[in-house]
1. Within the range 64-77, how many residues are of a type in the set (D, E, K, R) and either at pLDDT 95 or above or in contact with a helix residue (DSSP H, G or I) (Cβ under 9 Å, 6 or more places away or on another chain) (or both)?
2. Filter the range 1-16 down to the residues that are touching a strand residue (DSSP E or B) at 6+ places or on another chain (Cβ under 8 Å) and not aliphatic (A, V, I, L, M), then identify the one that is surrounded by the fewest Cβ atoms within 10 Å (Cβ to Cβ).
3. Those residues that are surrounded by 19 or more Cβ atoms within 10 Å (Cβ to Cβ), farther than 19 Å from Asp57 by Cα and in contact with a helix residue (DSSP H, G or I) (Cβ under 7 Å, 6 or more places away or on another chain), I need them from the range 17-46; list them, please.
4. Can you tell me which residue within the range 1-59, out of those that are part of a loop (DSSP other than H, G, I, E, B) and polar (S, T, N, Q), is nearest to the chain's Cα centre (by Cα)?
Amino acid sequence: MKIYSKPLTLYEIDLLHYSSNNSDKEYFIDALILKALDKDANKLFSSEDKKTLLTKDKSELERMYLEMFENELGSLKIISS
């Protein structure tokens, strides 16, 4: 599964820094919950997934985090018919 995101806003960066309790692992998890999308821009994770994500190694979470921001969707255009 390829993970995408939209760019982080300044507000989201601040939110992640305050919510992650000085833990890299929690920072990656919170960022994935907040920003991870599939190719159709649907959210991949919710707060209910946090317990499952906590079972993953920090290195796997970091890989997912970095992949997410390497695949930024940018601005999505909504076309109405």
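The values are calculated or read from the model by the stated rules, or taken from the named source; none is laboratory data. Every value quoted in this text rests on a predicted model; they were computed, and no experiment measured them. Don't worry about glycine lacking a Cβ; one is built from the backbone with ideal geometry, like all the others, and counts go over all protein chains shown.
1. Within the range 64-77, the subset of a type in the set (D, E, K, R) is 67, 70, 72, 77.
Next, from what is left, pick out any that are either at pLDDT 95 or above or in contact with a helix residue (DSSP H, G or I) (Cβ under 9 Å, 6 or more places away or on another chain) (or both): none.
The number of residues fulfilling the criteria is 0.
2. Filtering the range 1-16 for residues that are touching a strand residue (DSSP E or B) at 6+ places or on another chain (Cβ under 8 Å) and not aliphatic (A, V, I, L, M), the one surrounded by the fewest Cβ atoms within 10 Å (Cβ to Cβ) comes out as Pro7.
3. If the condition is that a residue be surrounded by 19 or more Cβ atoms within 10 Å (Cβ to Cβ), farther than 19 Å from Asp57 by Cα and in contact with a helix residue (DSSP H, G or I) (Cβ under 7 Å, 6 or more places away or on another chain), then Lys35 is the only one that fits.
4. So, considering only residues that are part of a loop (DSSP other than H, G, I, E, B) and polar (S, T, N, Q), the one nearest to the chain's Cα centre (by Cα) is Ser46.
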